[in-house]
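The values are calculated or read from the model by the stated rules, or taken from the named source; none is laboratory data. All values derive from a computational prediction rather than experimental measurement. Here the Cβ positions follow ideal geometry from the backbone for every residue, glycine too, while neighbour counts run over all protein chains shown. Note: accessible area is taken over every heavy atom of the protein model, side chains too, but ligands, DNA and RNA are not part of it. Shrake-Rupley method; radii C 1.70, N 1.55, O 1.52, S 1.80 Å.
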Amino acid sequence: MSAASTETSAPLPTAGGRVFFQPAPGVGCVGSAPLSAPPDVDPVQKKHGKVTVKYDRKELRKRLVLEEWIIEQLSDLYDCEEEEMPEVEIDIDDLLEVNNDDERASKLQESLIDCYKPTEDFIRELLGRIRGMRKLSAPSKKGL
């Protein structure tokens, strides 16, 4: 055995399975003032910030649910888990920019060209689910 392994073989004192760390002399906790700070200086300065970005949470939630559904359906179509799935890009915003369902279906069919299972039901269902959705724009900034 090496010298290092014999040093660590001795039991270390613990307090009921807990390990306690003691700071080195002169070192304070994060956010505390240095030990030599004058008593009239506030050791913790609070920064007040305000939220300036407003998200449409309802639309984000709908989008998340749709994306989870798409992943589930693609897993069924490709008979594999998400990690093993071939690279398939379905951009909802791109589909929403297209004017009609025929063009959207064509774009989806191009994305699913490598799928050996029939994709018509998936495409029809996806087009039904995105009907009425809005394209997600960059968050609007308020208070500027």
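Inter-part distance, region 71-108 to region 114-131, computed on C-alpha centroids, equals 8 Å. A simple spin-label model places pseudo-atoms 7 Å from Cα toward Cβ; at Trp69 and Lys117 they are separated by 1.7 nm.
Express the accessible area of region 50-133 per residue in Å², computed with a 1.4 Å probe while the remaining protein chains stay in the model. Don't jump to the answer; show the numbers that get you there.
Values: 5930 Å² over 84 residues.
Heavy-atom accessible area per residue stands at 71 Å².
Projected label points at Asn100 and Asp76, each 7 Å from Cα along the beta carbon direction, are separated by 2.9 nanometres. Sequence-ordered 3J(HN,Hα) estimates for region 87-93 from the Karplus curve with 6.51, -1.76 and 1.60 and θ = phi - 60° stand at 5, 10, 10, 10, 9, 4, 4 Hz, glycine and proline given as x. Sequentially through region 68-76, phi angles give Karplus couplings (6.51, -1.76, 1.60; θ = phi - 60°) of 5, 5, 4, 4, 4, 5, 5, 4, 5 Hz, Gly and Pro residues having no value and appearing as x.
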